[in-house]
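Student: Right, I'll just put the structure down here and ask away after.
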Amino acid sequence: MENFEFVSPTHFVFGRGAEEQVGAKLSERGAKKVLIHFGGQSAVKSGLIDRLKATLDAAGIEHVELGGVRPNPEIGLAREGIRLCKEHNIDWVLAVGGGSVIDSAKAVAVGAHYDGDVWDFFETKQPTNDVLPIAVVLTIPAAGSEASKNTVMSNDELQLKSGYPNNAQRPKLAFMNPELTFTLPPFQTAAGLTDMFCHLLERFFDDVGAVPVTDNLNLSLMKTVRAEAPRVMVEPENYDARANVMWAGMLCHQGLAGVGRHEDWATHGLEHELSALYPEITHGAGLAVMFPAWMEYVYPENPARFAYYGREVFGLAPTGDVEADALSAIDETRAFFASLGMPTTLAELDVCEDDIEKLIPTLKENKGEPFGSFKKLTKDDAREIYRLAL
Ligand code: NZQ
Ligand code: ZN
């Protein structure tokens with residue numbers, strides 16, 4: 001097992017009506033003026049924003065609003081949030097939404113006390129502890145940003161989508177009411193399931209040997225996501241299915257499922273370039289295409305690890321031919337994503353062969369070279385993986 005540090009400061013309030021406690025819990029922590037940050041439509045239409053404002057009012061907490069975060073959030077709106085924080089002396093950021101809103105809230109919280117441009121942090125990765133505390137009302141289980149240490153932001157001007165890791169931006173409070181996810185369209189539910197499953201794959205496949213305490217937790221989460229996925233797709237208002245998926249989404253990415261391992265993260269790098277070039281590509285859908293392609297390219301490094309995954313997660317019986325078992329596990333992975341209605345080729349995402357060359361320079365800028373852990377990849381390898389996905 002590799003050395004590690006692990007920080008998880010998030011206080012979770014989970015279950016029906018969780019969001020009604022927002023005002024009281026923020027007041028206990030001394031919040032005086034909150035920036036409510038949210039997305040395009042869904043949280044306003046459902047009345048959630050009005051209900052949250054009422055709980056803040058009841059607790060005597062002032063608030064300022066900034067909506068309009070798009071999927072694959074753009075740094076420009078975060079800059080506007082930072083301006084509002086400075087102007088109104090904001091002391092907490094309340095993110096209402098999914099990964100895009102939470103990531104934008106993290107960028108706002110990191111930049112609120114900084115004199116320069118917040119994009120500096122995404123370029124230099126410099127650490128800072130001077131971060132506004134963040135609370136989250138989660139409306140889509142997917143990215144796991146409600147407890148993760150990362151934010152991922154697009155910069156359209158630079159055509160970059162870059163991450164910034166920092167434990168100080170892990171949310172301090174997360175309100176998770178599975179009922180708030182009943183309104184998710186099937187495509188968003190499916191993309192979320194795919195993303196959380198891929199957060200486990202990124203951690204399971206690396207160049208470290210077995211770490212049973214971590215691997216067994218990881219595999220049990222994979223099995224859970226796989227089992228709950230069809231339930232939640234068929235019965236979107238099944239509270240228990242939604243609840244299991246919501247909690248799993250957090251556990252898949254808060255970090256425990258990878259401690260003591262190196263983790264890989266090559267495929268997330270390959271996907272982020274797709275959604276940087278075409279912001280209309282949903283992260284989970286991009287991963288559904290790229291993960292099986294990455295698997296096909298790298299599995300010869302350690303077919304036994306893939307065969308083990310296939311046995312544990314998909315119940316595949318060993319055939320005595322470990323290469324064949326590995327390939328079956330990859331087929332099952334692709335079939336699982338397809339069963340949710342996810343795309344299986346880049347063509348379905350309107351990405352063509354000519355686009356590949358546009359992805360390579362920014363991939364190199366973001367990930368360096370070589371990148372990944374299970375197999376160390378060069379930009380030529382990346383090209384081949386994109387081609388496999390066409
Ligand atoms: O904007 P609104 O109208 O709210 O609609 C959203 C959005 O269109 C909709 N939605 C959310 N909750 C809803 C709802 N619609 C109906 N009912 C509800 N209850 O869903 C759409 C997608 O939302 P988004 O926040 O983009 O989804 P997700 O949570 O998948 O976040 C994706 C982003 O997270 C990043 C991705 O790269 C992507 O930018 N990631 C962040 C990570 C992190 N911070 O640790 C890790 C991940 O690997 C990922 O990279
Ligand atoms: Zn992801």
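Student: 222 nm [θ] for the chain, helices only, -39500 (n - 2.57) per DSSP H run of 4+, per residue, to 500? Before the final figure, lay out each step's value.
Tutor: On the way: 15 runs with 192 residues, N = 390.
So the calculated ellipticity at 222 nm is -15500 deg cm²/dmol.
Student: Please list, by residue number, everything in segment 258-282 whose backbone N is under 13 Å from a paramagnetic label point 7 Å out along Cα→Cβ of PHE6.
Tutor: 258-262
Student: Could you check what % of the DSSP bridge pairs in the chain are antiparallel, to the nearest 5? It would help to have the intermediate numbers written out before the result.
Tutor: Numbers: 7 of 31 bridges.
Among the beta bridges of the chain, antiparallel pairing accounts for roughly 25 percent.
Student: Give the span of segment 11-181's Cα atoms along each principal axis, as three whole-Å numbers ordered largest to smallest.
Tutor: 40, 30, 25
Student: Now for a different question. Straight distance only, please: which lysines reach the Cα of LYS25 with their own Cα at less than 16 Å, same-chain residues fewer than 8 apart left out?
Tutor: Here the lysines satisfying the reach criterion relative to LYS25 are LYS33, LYS53, LYS172.
Student: Another question about this same structure. Tell me, how many Å apart are the Cα centres for segment 115-154 and for segment 1-37?
Tutor: Centre-to-centre (Cα) distance: 15 Å.
Student: Moving on. Using the Cα centre of the chain as origin and beta-carbon charges of +1 (Lys, Arg) and -1 (Asp, Glu), tell me which of TYR114, ALA329, ALA54 is placed farthest towards the positive end of the dipole.
Tutor: So the residue we want is ALA54.
Student: Work out the charge dipole of segment 186-389 with +1 on the Cβ of Lys and Arg and -1 on the Cβ of Asp and Glu about the Cα centre, then indicate which of ASN244, PHE291, LEU277 is farthest towards its positive end.
Tutor: ASN244
Student: Another question about this same structure. Taking the Cα centre of the chain as the origin, how large is its charge dipole in debye, to the nearest 20, when only Lys and Arg (+1) and Asp and Glu (-1) carry charge on their Cβ atoms? If you can, show how the numbers build up before the last one.
Tutor: Values: 35 positive and 56 negative charges, 228 e Å.
Charge dipole of the chain: 1100 debye, to the nearest 20.
Student: Relative to the present Cα-Cα distance, how much length would full extension add between HIS113 and SER27 at 0.36 nm per residue of separation?
Tutor: Contour length minus the Cα-Cα distance gives 28.8 nm.
Student: Can you tell me the FRET efficiency between GLU357 and LEU158 if r is taken as the Cβ-Cβ distance and R0 is 22 Å, rounded to the nearest 0.05?
Tutor: Given R0 = 22 Å and the Cβ-Cβ separation, E is 0.80.
Student: Once the dipole of the chain is set up with Lys and Arg at +1 and Asp and Glu at -1 on Cβ about the Cα centre, which of PRO230, ALA338, LEU180 lies farthest towards its positive end?
Tutor: LEU180
Student: Find the relative contact order for segment 117-213 and round it to a whole percent, using C-alpha pairs within less than 8 Å whose residues are 6+ positions apart. Can you show the working numbers first?
Tutor: Numbers: 105 pairs, mean separation 31.4, N = 97.
Reported as a whole number, the value is 32 percent.
Student: Aspartates and glutamates within cross-link reach of LYS149: Cα-Cα under 18 Å, excluding same-chain residues under 8 positions apart?
Tutor: Output for LYS149: GLU5, ASP103, ASP120, GLU123, ASP130, ASP195, GLU202, GLU263, ASP264.
Student: I would also like to ask the following. Sort out for me the Cα centre separation of segment 158-182 from segment 343-374, rounded to whole Å.
Tutor: Using only Cα atoms, the two centres lie 24 Å from each other.
Student: Students sometimes get this wrong: rank LEU256, LEU56 by accessible area, probe 1.4 Å, all chains present, largest first.
Tutor: Details: LEU256 70, LEU56 0 Å².
My answer, sorted largest first, is LEU256, LEU56.
Student: Can I get the semi-axes of the chain's equivalent ellipsoid? Compute them from the C-alpha gyration tensor as square roots of 5 times the eigenvalues, in angstrom, largest first.
Tutor: In descending order the semi-axes read 34, 23, 19 Å.
Student: Let me ask something additional. Pairs of Cα atoms under 8 Å, at least six residues apart: use those to get the relative contact order of segment 287-335, whole percent. Intermediate values should be presented prior to the final figure.
Tutor: Details: 48 pairs, mean separation 20.5, N = 49.
The value is 42 percent.
Student: Using a Cα distance threshold of under 26 Å, what count of lysine pairs results for segment 186-389 when pairs must be 8 or more residues apart or interchain?
Tutor: Pairs that pass both the separation and distance tests number 11.
Student: If contacts are Cα pairs under 8 angstrom and at least 6 residues apart, what is the relative contact order of segment 186-389 in percent? Walk me through the numbers before you get to the answer.
Tutor: Values: 262 pairs, mean separation 53.2, N = 204.
Result for segment 186-389 is 26 percent.
Student: So how far apart, in nm, are the two label points at VAL44 and VAL322 if each is 7 Å from Cα heading toward Cβ?
Tutor: Roughly 5.7 nm, to one decimal.
Student: Under the Karplus relation 6.51 cos²θ - 1.76 cosθ + 1.60, θ = phi - 60°, what is the ordered set of whole-Hz ³J(HN,Hα) values for segment 373-390, x standing for Gly and Pro?
Tutor: Using θ = phi - 60°, the values come out as 10, 4, 9, 6, 9, 9, 5, 5, 4, 4, 4, 5, 5, 4, 5, 4, 8, 4 Hz.
Student: Separate question: Please list, by residue number, everything in segment 40-68 whose backbone N is under 17 Å from a paramagnetic label point 7 Å out along Cα→Cβ of ARG83.
Tutor: 64-68
Student: If you take the square roots of the eigenvalues of the alpha-carbon gyration tensor of segment 77-174 and sort them as a ≥ b ≥ c, do you get rounded (a/c under 1.5), prolate (a/b over b/c) or oblate?
Tutor: Values: a/c = 1.42, a/b = 1.11, b/c = 1.28.
Here segment 77-174 falls in the rounded category.
Student: I'd like the Karplus ³J(HN,Hα) series for segment 134-139: coefficients 6.51, -1.76, 1.60, θ = phi - 60°, whole numbers in Hz, and an x wherever there's a Gly or Pro.
Tutor: After applying 6.51 cos²θ - 1.76 cosθ + 1.60, I find 10, 10, 10, 10, 7, 10 Hz.
Student: When the Cα centres of segment 292-340 and segment 230-263 are compared, how far apart do they sit, in Å?
Tutor: Result: 21 Å between the Cα centres.
Student: Can you give me the long-range amide H partners of ILE36? Hydrogens built in the peptide plane at 1.01 Å from N, cutoff under 5 Å, separation of 5 or more residues or another chain.
Tutor: Residues meeting the amide H criterion: VAL64, GLU65, LEU66, LEU94.
Student: For segment 229-241, what does the Karplus curve 6.51 cos²θ - 1.76 cosθ + 1.60, with θ = phi - 60°, yield as ³J(HN,Hα) per residue in whole Hz, taken in order and with x for Gly and Pro?
Tutor: Per-residue couplings from phi come out as 4, x, 4, 6, 6, 7, 10, x, 9, 7, 4, 5, 5 Hz.
The values are calculated or read from the model by the stated rules, or taken from the named source; none is laboratory data. Note that the structure is predicted; figures quoted are calculated from it, not measured. Reconstructed Cβ throughout: ideal geometry from the backbone, glycine too, with neighbour counts over all protein chains shown. Ligands, DNA and RNA are excluded from the accessible area calculation, which covers all protein heavy atoms including side chains. Shrake-Rupley method; radii C 1.70, N 1.55, O 1.52, S 1.80 Å.
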